[in-house]
Amino acid sequence: MPRFVFTRLQYASGDWDVDQRMPANLLHSLAEYTTIELDPRERVVPLASTGVFDARFAYMAGHRLVEFTAAERANFVRFVRGGGFVLADDCNHDVDGLFARSFETQMAELFSPGALHKIPATHELYRAFFTFPDGPPTTGLELNGWGDDLVHDYLKAITVDGRLAVLYSNKDYGCEWDYDFRNKRFLAEDNTKFGVNIVTYAMIA
């Protein structure tokens, strides 16, 4: 298995630099639970640069408009179709917010209107390491009054050659996991375990 590098995509529009403690928290969980070889630091790469093709896993998130430049559009498609995996997380946790609407529009334009589809709770993603029989775990942010006040019982994805290549969440996992990893000891259950599933799936799919 190749070395895992947490790569964050920097895109020209919107606010890409969010949930800054999340990468270290997730890397801590990967080190604790798995034997995946890890780079200990987050790597930030402009989506418009060729540096994105050095990654296997890429993360993008934000609250605002997602409107890729021509270079970003070309690189996103090439990365995804070439075997890369993108986790895109809506920090608004709102199916009709600006990030959600603009990101879904971008995916429809780059792939096809039906490419982004709901994935069932039976998908192998939910058993890639830990088992989540009910599908994606909920977040404390989904009912805080800022988003659409719904618990989303699904995630969406774009499938390429039988594998999930773009995993899209309205659940705001990035902010849910945005805390110092040393504070996990105060949780009844480590809420980053689903992140371990996502990375494990991305690295073997």
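The values are calculated or read from the model by the stated rules, or taken from the named source; none is laboratory data. Given the structure is predicted, the values throughout are model-derived calculations rather than measurements. No Cβ is skipped: glycine too gets one built from the backbone with ideal geometry, and neighbour counts run over all protein chains shown. Areas reflect the complete protein model, heavy atoms only, side chains present, ligands, DNA and RNA absent. Shrake-Rupley method; radii C 1.70, N 1.55, O 1.52, S 1.80 Å.
Note on ARG64/ARG163: beta-carbon distance plugged into 1/(1 + (r/R0)^6) with R0 of 25 Å gives a FRET efficiency of 0.30. Among the chymotrypsin sites (Phe, Trp or Tyr not before Pro) in segment 176-205, none is located in a DSSP loop while being surrounded by at most 12 other Cβ atoms within 10 Å of its own Cβ.
Label-to-label distance for ALA121 and LEU150 is 1.7 nm, based on points extended 7 Å past Cα in the beta-carbon direction. Between ARG182 and GLN10, the FRET efficiency estimated from the beta carbon spacing at R0 = 25 angstrom works out to 0.35.
Spin-label model, ASP134/ASP39: points 7 Å from Cα along the beta carbon direction are separated by 3.7 nm.
Just to confirm, what accessible area per residue do you get for segment 1-154 at 1.4 Å probe, in whole Å²? Intermediate values should be presented prior to the final figure.
On the way: 7420 Å² over 154 residues.
Per-residue accessible area for segment 1-154 comes out at 48 Å².
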